[in-house]
Amino acid sequence: MLLTYHREAAARLDPLTLYRILRLRVDVFVVEQSAAYPDLDGRDVEDGAEQHWAADGPDVVATLRVLRDPDGALRVGRVATAARVRSHGVASELMRRALDRCTELDPGAFVVLDAQAHLADWYARFGFVAHGDPFEEDGIPHVPMRLTPAVP
C-alpha cells in the first residue's frame, strides 16, 4: 500500500476524487454506522473549506474536512476511514497533517470537533480536550472537543 496525502477546496477537486471522498463518508457514516443524516450540509463548499484525504492509488481510504466556524474557530469534521486501513496509522497521519494545516491557516485559532464518544480518547492523543456537554446525534453519542492554539 503506497499512500499519498492531499488537500483541496471542493470546487477545485476533480469530480471522481470528490465522488470517492463522499462515497467513503456515506460508506462509513450512513451504511456502516446506520446514521441516515444529510451529509451534504453545504459546509463543504464554504469559502476556505478544505477536503483532506489519503489515497491508495485512486482509492480514497481516509478523509476529513477543515472549516471555519462563525466564531473564528477552525473545525475538523467528517473524519472517516475505510475499514481496510483502520489501525494502520492512516487516520492519525491525516489528522496530524490537518492540524498542521490549521496552524498554517491561523496559529491563534482554537480547533474544534464533535467526536463520537468512543473516539474521544483517540482525539485526545492530538491534544483535544472535552469542551461542553455530551450530546447525541443520529443515535450516536458525541463529545464536543477543543484544541487550544499553540500561539495565544
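Inside the stretch 1-17, can you point out the residues that are part of a loop (DSSP other than H, G, I, E, B) and surrounded by 12 or more Cβ atoms within 10 Å (Cβ to Cβ)?
Once the filter is applied, which keeps residues that are part of a loop (DSSP other than H, G, I, E, B) and surrounded by 12 or more Cβ atoms within 10 Å (Cβ to Cβ), the stretch 1-17 yields ALA9, LEU13.
Which residue, of ARG75, ARG12, ARG65, ARG20, is closer than 30 Å to GLY108 by Cβ, modelled with pLDDT of 95 or more and out of contact with any Gly (no Cβ under 9 Å at 6 or more places or on another chain)? Give the derivation first.
Details: ARG12 fails: modelled with pLDDT of 95 or more; ARG65 fails: out of contact with any Gly (no Cβ under 9 Å at 6 or more places or on another chain); ARG20 fails: closer than 30 Å to GLY108 by Cβ.
Residue meeting the stated conditions: ARG75.
Going by what's in this entry, would ARG20 be described as out of contact with any Leu (no Cβ under 7 Å at 6 or more places or on another chain), surrounded by 15 or more Cβ atoms within 10 Å (Cβ to Cβ), among the charged types (D, E, K, R) and farther than 26 Å from PHE128 by Cα?
Numbers: out of contact with any Leu (no Cβ under 7 Å at 6 or more places or on another chain): yes; surrounded by 15 or more Cβ atoms within 10 Å (Cβ to Cβ): yes; among the charged types (D, E, K, R): yes; farther than 26 Å from PHE128 by Cα: yes.
Taking the combined requirement at face value, the residue satisfies it.
How do the pairs read when you match residues in the stretch 12-33 that are more than 17 Å from ALA54 (Cβ to Cβ) with residues anywhere that are open to solvent by 60 Å² or more (accessible area, probe 1.4 Å) and hydrophobic (A, V, I, L, M, F, W, C), using Cβ under 8 Å and keeping only pairs 6 or more apart or on different chains?
Within 8 Å, the pairs are VAL30/ALA36; GLU32/ALA83.
Which of the residues spanning the stretch 122-152 are of a type outside the set (Gly, Ala, Ser) and part of a helix (DSSP H, G or I)?
TRP122, TYR123
The values are calculated or read from the model by the stated rules, or taken from the named source; none is laboratory data. Everything numeric here is computed off the predicted structure, so don't read it as measured data. Reconstructed Cβ throughout: ideal geometry from the backbone, glycine too, with neighbour counts over all protein chains shown. Keep in mind that these areas ignore ligands, DNA and RNA; they rest on the heavy atoms of the full protein, side chains included. Shrake-Rupley method; radii C 1.70, N 1.55, O 1.52, S 1.80 Å.
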